[in-house]
Amino acid sequence: MTTQTATVAKNASVPQNVKNGQGTTALTGGAVGADEPAATRGRTSIADVVVVKIAGSAAREIPGVHAMGGGLSRTLGAVRDRVPGGRPNVGRGVKVEVGERQTAIDVDLVVEYGVAIADLARDVRENVIAAVERITGLEVVEVNVTVNDVHLPDEDGEPTTVDSRVE
């Protein structure tokens, strides 16, 4: 990963969306000088983790998404959630690659049994793209949805009673 540094002269524009090597993307290059409008003085940067959290929240909003992440990340997350003071990881199951003006997102899901997976994936994709583009201003070039598991109704941790065929 490379770091870009720029010296900005008065009234010069800074390139938009400069990756700074710290997991953030500079979205706006602000102008400098007291004669510039207040709204344009300074720079705006968005950390990659922000895109992860936005995408994770947007994916979880879709009915039929039971959980997010692969088997190991869900297991570790369940342990972390049970620790006193622990918070759920909104970004679990989401990976992003952020460029200068664009981002690509991978989402791993566990779906509820009976939900049409193709429709669910389309809804997740649409919601994630809309949320990330609206909130960050980055163009989402793709959202790859991977369904890792199906949650069955009897997997809620409650023992099921099975009638024995023999007595």
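Provide the per-residue ³J(HN,Hα) series for segment 100-105, in order, calculated from phi with Karplus coefficients 6.51, -1.76, 1.60 and θ = phi - 60°, each as a whole number of Hz, with x at glycine and proline positions.
Each residue of segment 100-105 in turn: 5, 10, 10, 9, 10, 10 Hz.
If you stretched the chain out fully between R122 and V150, how much longer would it get, using 0.36 nm times the residue separation minus the C-alpha to C-alpha distance?
Full-extension gain reported as 8.4 nm.
Counting only residues 5 or more places away or on other chains, whose amide H sits under 5 Å from the amide H of S45 once H atoms are built in the peptide plane?
L27
Ordered by residue, what ³J(HN,Hα) values in Hz, to whole numbers, does segment 121-126 give under the Karplus form 6.51 cos²θ - 1.76 cosθ + 1.60, where θ = phi - 60° and Gly and Pro are x?
For segment 121-126, the Karplus-derived couplings read 4, 4, 5, 4, 4, 5 Hz, x marking Gly and Pro.
Once amide H atoms are placed 1.01 Å from N in the peptide plane, what residues at a sequence separation of 5 or more from H66, or on another chain, have their amide H within under 5 Å of its amide H?
V110, V111, E112
By average Cβ neighbour count within 10 Å, what is the ranking of 52-60, 109-117, 146-154 from highest down?
Per-residue mean Cβ counts within 10 Å order the peptides as 52-60, 109-117, 146-154.
All of the numbers you see were taken from the coordinates with simple rules; none came from a lab. What you are looking at is a predicted structure, and each value in this text was computed from that prediction instead of being measured. All Cβ positions, even for glycine, are placed from backbone atoms using ideal geometry, and neighbour counts span all protein chains on display.
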